[in-house]
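Each remark here refers to the structure printed beneath this line.
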Amino acid sequence: MIQEKRSKRGALLGLAASILVLVLVIVLENTLAPTSQLFVVLKKGAVYSLVAVSMNLVNGFTGLFSLGQAGFMLLGAYTYAILTVPVSAKDTVYYLFGGSAVKFSLPDLFGGVDTPTGLILGVLLAIILGGCVAAFFAWLIGLPVLRLKSDYLAIATLGFAEIIRAIFQWQALGPITNGANMITQIPTFNNFNITDESGKVVFRLSAFFPMLIMIICVALIVMLINSSYGRAFKAIREDEIAAEAMGINLAKHKMLSFVISSFFSGVGGALFAMFANNAQAKVYTSTMTYEILLIVVIGGIGSISGSVLSTFLYVACSEWWLRGLDMGSFLGIKLGLFRNGFRMVVFSVVIMIVVLFFRQGIMGNKEITDLLKPRKKTKEVAK
Amino acid sequence: MKRFLALATSCALMVAALAGCGSGGTGSGSGSGSGSGGDSGDKVVKIGVFEPASGDSASGGKKEMLGMQYANSETPTVTVGGEEYQVELVPADNGSSTDKAPTAANQLVSEGVALVLGSYGSGVSIAAGPIFGNAGIPAIGVTCTNPNVTAGNDYYFRICFLDPFQGTVLANFAMDKFQAKTAYCLGEAGNEYDQGLIAFFEQAFTAAGGKVIKDSFPTNNSDFNSYLNKAKSEGADVIFTPVSIAYATQIITQAASLGLDIPFVGSDTLDDNMVLEAAKGTDIQLYVSTFYQEGGNPTFDEGVKNYINTADGALDANGGNDTVAAVTAMGYDAYYVALEAIKKADSVDPADIKAALWDVTYDGVSGHIAFDDTNGDAVRDTAYIKHSTNDGAWELETQQTVKQ
Amino acid sequence: MEFFISTLLFGISVGGQYALIAIGYTMVYGILRLINFAHGDVFMVAGLLGIYLSASFPLYVAMPLVIILTVALGFCIERVAYKPLRSAPRMSVMISAIGVSYLLQNTATYVTGGQPMIYPTLPFLSDTITVAGTSIKWVVVLTPILVVVLVILLTQLINRTKVGMAMRAVAKDFETSQLMGIKINSVISTTFIIGSALAAVGSMLYFTNYSSVVPTVGSMPGLKAFVAAVFGGIGSIPGAVIGAFLIGICENFVKILPFEGATTFVDAFTFALLIIILVFKPTGLFGEKATDKV
């Protein structure tokens, strides 16, 4: 009973916080100059935090060390891009292959990218399909590899991501994947800005959209974790053999966690394609997976809010606040040391410090809502 | 304690984010005025330099930027509406990678640049295109040759020739010079520049009755022996390798130690003194197409050499010697085209500059520059082809033209 | 036929390079159960050290210095990044390894400015000879021989000496061997020292063959060497070496497959091989079967 009450209060708090954040994003977007780096950080942060949370689900909550995130993102990104290139733009985008083998485009089916229904339905459907394709491949690869133990699983999933990348770079599949060329001219976050007839933007929603999708997806993941499935995942993480003895079907639950995580990575991939304005296989390398893994570690393995928090911190630092380290002056200090690449050096040192000395990350395995509890309790006692 | 730490961090994050908004807001506020900011009478117009300073195209990006810096040192001001503006170059590193390009592009946008020059490498330019487009800032591609840079993007212009042209030129050259029947094409898998050029080369080469064998190597590959050996055993008359500089040096050195006598034909990326260095002292026959050949404009050569040898860090950026790269000449021209556009628009507003750019013409060191009316591509019908003398220099082979 | 032999030769040469790195992997994994992701980057740093040191010292000073400094680097990495995590879960150690790899790559990018660096030519090793109609460098012939010699030496070391016995004991059971009075830390350090020294030697041979050094140059050979180690049965040195040669040869034959586009899958092929082996024979060709204790 008490637990239920508590989680309910947590849910309410989470809901309130999400609404607050969304409102804040809308307000900021329509008051500040749209060119501010803040919005890049918000958009990229939303995309990355979704992927980080999905990685946390499988690595942190189920204890399966999977390094295939970039591969699943690639699947999501390509599915999205292939399905949303406007029919009229296909010949330009697939110029090497004389047009695409996919003759339709989802937004066009619903009336085109310029109409609200076409845009919203088409884009959402493509995003969800992106997730589904990633989930399907996860199921396929999960059948053999999920039996493997920790580091073997890691290296197998890493290898799988590399194989996927090679397939999408194969010129023979060009009419579908556009080979080495990137798929461009897809609907992006900016399409969600509301414009008047002359094309002038009257109301900006470009950062709101990814934030909204991210919050919905993360909420779904949180609900999953708080369900009986989530408890089974945690049991598997703590001790596989004990969990099995308790009657948890290991294969089924591992697969479930892996597939769901991949679904959300796929959604994240689709969003990343929207953020980057294109889909290109070259980008989704193991470096990207490592980056997300490090974000998860900084946030605390096993903490959803930690992952979200650390993503925004990480993205803001790397894309915005620390850029001065590359440009020659940082916080007003000018040093010859500050030249290209120094930012990443500082960054990796910070990461090493976190990994070695703050092994719990920012949040450990606690959530933000947990932090507010004890204080209230002491107050009650005082009463 | 942990909890406190966590709370403190999250609070700090909020505060920092808000503070960031504040500073971001003011920053772009002054930026949007472009030239009008600054109260001391020193008017400044900012030109964004969107070039790779890290990653596998860094070498080319730095050389291209050298040209702009040299031009900037030569002509640091521009007159708009009767007032003199200081031209400030604002660099942003796109890391040669398409996932870093959008944020680097946005950095330029948030700094309030009036227009953008770059980038070396087509992929990053394509990825950044929509960012500039959405911000309404025109960009001038300097040496990005892929058709998709400008296609479908109103705001991207370019001053160099395109890959369909370059591929055709090189295919014709291979046919004329070596009477080649079979060509072996080797490019990086998943690299749109390499694969695009190979496709155009193949089109032209097979149309003229030749046979093409295509292979691609995975990213970060360093063993090319088997590929080169395959080319030899397949009886290739010419090897076409439009790859980035790092791979090109590997291929050349390995071919040299294999004692390969098949001539190499490369694209504009191979016109780099690191590649030249790799071919030095070997028997490799290396032919590349390019935008400019040293000696084409002695005054410019002298000036830029002087700049490379004297300016701080310029010699390093040029790879340790003062061979003038074609991309440096192109960077130099791009800077002047940008100034022409600003002068023609008589304004430092991006929208005015964009409108003026369509009609800008300029006679640069790399030839006459004008833009076509459809995509804003340069009207160019000449490419230079040069070969390595294998003692550390290029020699002009021929000028090739293709009638469109 | 000549074509076939030369491809085989290149395969053996590449395999030899992988083998030198794979030995380091497999030794560390055997003892710590840690995939040392940073090993490939140690190899890259050794390459850079070779370039910078040979610029200021004569080669006969520079090359031993490269080995010494690389060994010092490997030792420091172990002490700083892995030792504090000895009691932590295996995932944390692996993440630490990824962090070190990230740090080394970024530092290398910073130092080199992201430009490819050219490795100096080593006398004799860079000279070419003609074998079966193909002209190749001496290093291609020497690498496999060197590898075989090293394997014999290392197996002797492990089977015959006291340090070797300690290594085997630690690999078998961490805690018990500690109770038996084995100084675990010095055994682990020895392992890292040997591994790094081999990476340094490997870098000299590798970069003599493929002369340009970029910050990411170590990651692919590193991963492939790991695949080789798994292939041969991780923990077994002869297994890793045989795995490395097999992968090197297979890879080079994939490169010359006649159908178009096959070459896109050179790396993918290696990983597909890995997944197949992991699924059907997780212990590899020569690995010992390990049982989980409840």
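The values are calculated or read from the model by the stated rules, or taken from the named source; none is laboratory data. All of these numbers come straight from a predicted model, not from anything done at the bench. With ideal geometry, Cβ positions are generated from the backbone for all residues, glycine too; neighbour counts draw on all protein chains shown.
Observations on the structure shown:
- Which numbered condition C:Thr291 misses (of (1) in a helix (DSSP H, G or I); (2) at pLDDT below 85; (3) among the polar types (S, T, N, Q)): (1)
- The range A:52-67, residues that are within 13 Å of another protein chain (Cβ to nearest Cβ) and within 13 Å of the chain's Cα centre (by Cα): A:Met55, A:Asn56
- Among the residues of the range B:232-250, those that are over 22 Å from B:Val169 (Cα atoms) and either modelled with pLDDT of 90 or more or facing chain C (nearest Cβ under 10 Å) (or both) comprise B:Lys232, B:Ser233, B:Glu234, B:Ala246, B:Tyr247, B:Thr249, B:Gln250.
- Selection within the range C:102-157 - within 14 Å of chain B (Cβ to nearest Cβ), farther than 18 Å from B:Asp223 by Cα and surrounded by 15 or more Cβ atoms within 10 Å (Cβ to Cβ): C:Gln105, C:Asn106, C:Thr107, C:Ala108, C:Thr109, C:Tyr110, C:Val111, C:Thr112, C:Gly113, C:Gly114, C:Gln115, C:Leu122
- Some residue of the range C:266-283 being of a type in the set (Lys, Arg), under 27 Å from B:Asp56 (Cβ atoms) and within 13 Å of chain A (Cβ to nearest Cβ): no
- For the range B:71-104, a residue qualifies if it is closer than 21 Å to A:Thr285 by Cβ and within 11 Å of chain A (Cβ to nearest Cβ), and the qualifying residues are B:Asp93, B:Gly95, B:Ser96, B:Ser97, B:Thr98, B:Asp99, B:Lys100, B:Ala101, B:Pro102, B:Thr103, B:Ala104.
- Restricting attention to the range B:261-279, the residues that are surrounded by 24 or more Cβ atoms within 10 Å (Cβ to Cβ) and not in a helix (DSSP H, G or I) add up to 6.
- Against the test of being surrounded by fewer than 24 Cβ atoms within 10 Å (Cβ to Cβ) and under 30 Å from A:Arg204 (Cα atoms), the options A:Leu74, A:Leu125 yield a single qualifying residue, A:Leu125.
Residue-wise test of (1) surrounded by 24 or more Cβ atoms within 10 Å (Cβ to Cβ); (2) touching a helix residue (DSSP H, G or I) at 6+ places or on another chain (Cβ under 6 Å); (3) farther than 18 Å from B:Asn106 by Cα; (4) among the aromatic types (Phe, Trp, Tyr).
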{"site": "A:Phe258", "(1), (2), (3), (4)": "yes, yes, yes, yes"}
{"site": "A:Val267", "(1), (2), (3), (4)": "yes, yes, yes, no"}
{"site": "A:Ala270", "(1), (2), (3), (4)": "yes, yes, yes, no"}
{"site": "A:Tyr284", "(1), (2), (3), (4)": "yes, yes, yes, yes"}
{"site": "A:Thr289", "(1), (2), (3), (4)": "yes, yes, yes, no"}
{"site": "A:Gly299", "(1), (2), (3), (4)": "yes, yes, yes, no"}
{"site": "A:Ile304", "(1), (2), (3), (4)": "yes, yes, yes, no"}
{"site": "A:Val308", "(1), (2), (3), (4)": "yes, yes, yes, no"}
{"site": "A:Leu322", "(1), (2), (3), (4)": "no, yes, no, no"}
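- Looking only at the range A:236-261, residues that are over 17 Å from A:Gly60 (Cβ atoms) and not hydrophobic (A, V, I, L, M, F, W, C) come to 4 in all.
- If only residues of the range B:188-208 that are part of a loop (DSSP other than H, G, I, E, B) and either facing chain A (nearest Cβ under 8 Å) or hydroxyl-bearing (Ser, Thr, Tyr) (or both) are counted, the one that is farthest from C:Phe269 (Cα to Cα) is B:Asn191.
- Residue within the range A:183-191 that is surrounded by 16 or more Cβ atoms within 10 Å (Cβ to Cβ) and under 23 Å from A:Gly68 (Cα atoms) present: yes
- Qualifying residue in the range B:116-125 (condition: within 9 Å of another protein chain (Cβ to nearest Cβ) and closer than 16 Å to B:Phe371 by Cβ): no
- Test: A:Ile141 is modelled with pLDDT under 90 and within 10 Å of chain C (Cβ to nearest Cβ): no
- Selected residue (criterion: nearest to the chain's Cα centre (by Cα)) from residues of the range A:138-179 that are farther than 28 Å from C:Ile234 by Cα and surrounded by fewer than 20 Cβ atoms within 10 Å (Cβ to Cβ): A:Ile167
- Test result for B:Phe200, of a type in the set (Phe, Trp, Tyr), at pLDDT 85 or above, within 20 Å of B:Thr323 (Cβ to Cβ) and in contact with a helix residue (DSSP H, G or I) (Cβ under 7 Å, 6 or more places away or on another chain): no
- Residues in the range A:349-367 that are at the interface with chain C (Cβ under 9 Å from one of its Cβ atoms), crowded, with 16+ Cβ neighbours inside 10 Å and either farther than 13 Å from A:Tyr314 by Cα or not hydrophobic (A, V, I, L, M, F, W, C) (or both): A:Met352, A:Val355, A:Leu356, A:Arg359.
- Residue within the range C:78-90 that is within 19 Å of the chain's Cα centre (by Cα), facing another protein chain (nearest Cβ under 10 Å) and within 15 Å of C:Ala199 (Cβ to Cβ) present: no
- If you go through the range B:349-363 and pick out every residue that is within 25 Å of B:Pro164 (Cβ to Cβ) and buried (at least 22 other Cβ atoms within 10 Å of the Cβ), you end up with 2.
- Among the residues of the range B:158-184, those that are aliphatic (A, V, I, L, M) and assigned to a loop (DSSP other than H, G, I, E, B) comprise B:Ile159, B:Leu162, B:Ala180.
- Of the criteria (1) surrounded by fewer than 24 Cβ atoms within 10 Å (Cβ to Cβ); (2) modelled with pLDDT of 85 or more, which one C:Ala88 fails: (2)
- Total residues in the range B:148-157, condition more than 19 Å from A:Val87 (Cα to Cα) and not in a loop (DSSP other than H, G, I, E, B): 3
- Residue list for the range B:209-227, filter: at the interface with chain C (Cβ under 7 Å from one of its Cβ atoms), over 13 Å from C:Tyr210 (Cβ atoms) and in a loop (DSSP other than H, G, I, E, B): B:Pro218
- Elements of type helices (runs of 4 or more DSSP H) contained in the range A:81-197, each with 3 or more residues being over 30 Å from A:Ala251 (Cα atoms): A:90-93, A:106-109, A:116-145, A:174-177
- Residues in the range C:192-220 that are more than 14 Å from chain B (Cβ to nearest Cβ) and either polar (S, T, N, Q) or within 13 Å of B:Thr253 (Cβ to Cβ) (or both): C:Ser196 only.
- Where C:Ala244 falls short, out of the listed (1) under 23 Å from C:Gly164 (Cβ atoms); (2) within 14 Å of chain A (Cβ to nearest Cβ); (3) touching a Leu at 6+ places or on another chain (Cβ under 9 Å): (2)
- Test result for B:Gly136, surrounded by fewer than 21 Cβ atoms within 10 Å (Cβ to Cβ), within 11 Å of chain A (Cβ to nearest Cβ), without any contact (Cβ under 8 Å) to a residue 60 or more places away in the chain and within 30 Å of B:Val45 (Cβ to Cβ): no
- Whichever residue in the range A:170-220 is at positive phi and in contact (Cβ under 8 Å) with a residue 60 or more places away in the chain and, among such residues, is farthest from the other protein chains (Cβ to nearest Cβ): A:Asn178
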